[in-house]
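Trainee: My questions will all concern the structure given below.
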Amino acid sequence: THLPVKYRRLGVALDEISVRFDQNKSVAYYASLCDMSEVSFRRLFCEYTGLSPIAYRNDLRLKYARVKLQSGEFNVSEAATACGFTNLSFFIRLYKKKYGHTPKKE
């Protein structure tokens, strides 16, 4: 990733989230990967992405879940689970907020 110098420390965490978005790691875990305090990490991450680390990860999960649903090979529950969501109603709520309709409509 070609990050601006100011945000280069975030690279390890951004890569980890993009590859393992289905894992429920804590923000403290991502911060430690970057050798930063959790507070500093959160601040820099939000500044760079416009989202909290968890919102960023959920956003990635939603994108992948949508692809899985559109493929026709996954039902709502399977797509949610495959992308790391453990709470189905939470997944459906986030999905509707992001895409304007429930995952069933894909």
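Trainee: Ignoring ligands, DNA and RNA, please state the percent of accessible area on the chain from carbon and sulfur, probe 1.4 Å.
Mentor: The nonpolar share, carbon plus sulfur, comes to 52 percent.
Trainee: Near Lys25, which lysines are there with a Cα under 20 Å away, not counting those fewer than 8 places off in the same chain?
Mentor: Lys63
Trainee: Next question, about the same structure. Using helices alone, I'd like the mean residue ellipticity at 222 nm for the chain: each DSSP H run of four-plus residues gives -39500 (n - 2.57), total over residue count, nearest 500.
Mentor: That calculation yields -19000 deg cm²/dmol at 222 nm.
Trainee: Cross-link partners among aspartates and glutamates for Lys96, C-alpha distance below 18 Å, same-chain residues fewer than 8 apart left out?
Mentor: Leaving aside aspartates and glutamates fewer than 8 places away in the same chain, those within reach of Lys96 are Asp59, Glu78, Glu106.
Trainee: Can you give the direction-averaged projected area of the convex hull of the alpha-carbon atoms in the chain, in nm²?
Mentor: 6.8
Trainee: In square angstrom, what is the accessible area per residue of region 37-81 with a 1.4 angstrom probe?
Mentor: Per residue, region 37-81 has an accessible area of 55 Å².
Trainee: What nm value, rounded to one decimal, do you get for the distance between Asn24 and Thr81 when each label is placed 7 Å out toward the C-beta?
Mentor: 1.5
Trainee: In whole angstrom, and with the biggest value first, how far do the Cα coordinates of region 20-77 range along each principal axis?
Mentor: 42, 20, 14
Trainee: Please give the length that would be gained between Asp15 and Leu88 if that part of the chain were fully extended, namely 0.36 nm times their separation in residues minus their C-alpha to C-alpha distance (nm, one decimal).
Mentor: 23.7 nm
The values are calculated or read from the model by the stated rules, or taken from the named source; none is laboratory data. Model, not experiment: these values are computed from the prediction. Because the Cβ atoms are built from the backbone with ideal geometry, glycine has one as well, and the counts that use them run over all protein chains shown. Note: areas computed on protein heavy atoms with side chains; ligands, DNA, RNA excluded. Shrake-Rupley method; radii C 1.70, N 1.55, O 1.52, S 1.80 Å.
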